Amino acid sequence: MFVRTESLPHTPQHHMTVRVHTPIGSAVVLWGGAPREADGRHLAEWTVDEDIHWGQNARSTFSVEPELRQEGDRVIMRGLLHLTDDGAAYLQMGHWPVLLDLASPIPSSLDESWVEISVGSESVALYPYQT
């Protein structure tokens, strides 16, 4: 999926952040690309480097539309949860998947259900790639 990014002021001691704009919302996340490419349109991959704990930072939701939003220092992602045969999981947010690290197994009854995850913005990164 193509996203639009705008660089944000940063200090050398901190990772570079960008505000990412998508068709389903915007948030401030870490930038995994070259600093000179932080402003622009990119085909990007998302990573979440925070363990998902069902009932703590992940929950079912009644809303059936993907969403990306910022709430303070948290990034909220809503999408369809998919559980894989090998115990992994990913969140389908619109047209793109976001791989998740599970702290403990999620009940199989939640496969293909709408969920929201709430993670620290410092644990979400965007990596541009070339096709």
Share of accessible surface on carbon and sulfur in the chain, whole %, 1.4 Å probe and ligands ignored, is 50
When the charge dipole of the chain is computed with +1 at the Cβ of Lys and Arg and -1 at the Cβ of Asp and Glu, the Cα pointing farthest to the positive end, of ALA88, THR17, ILE117, is that of THR17
To the nearest 0.05, the calculated FRET efficiency linking LEU8 and TYR129 through their beta-carbon distance, R0 being 22 Å, is 0.55
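What number results when the radius of gyration of the range 6-79, computed over Cα atoms, is divided by 2.2 N^0.38 Å?
Details: Rg = 13.8 Å, N = 74, 2.2 N^0.38 = 11.3 Å.
Against the compact-globule rule of thumb, the ratio is 1.22.
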Taking only C-alpha positions in the chain, Rg and Dmax in angstrom work out to 14.6, 45
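The values are calculated or read from the model by the stated rules, or taken from the named source; none is laboratory data. What you see is a predicted model, and the numbers here were worked out from it, not measured in a lab. Don't worry about glycine lacking a Cβ; one is built from the backbone with ideal geometry, like all the others, and counts go over all protein chains shown. In case anyone asks, the SASA skips ligands and DNA or RNA and just uses the protein heavy atoms, side chains included. Shrake-Rupley method; radii C 1.70, N 1.55, O 1.52, S 1.80 Å.
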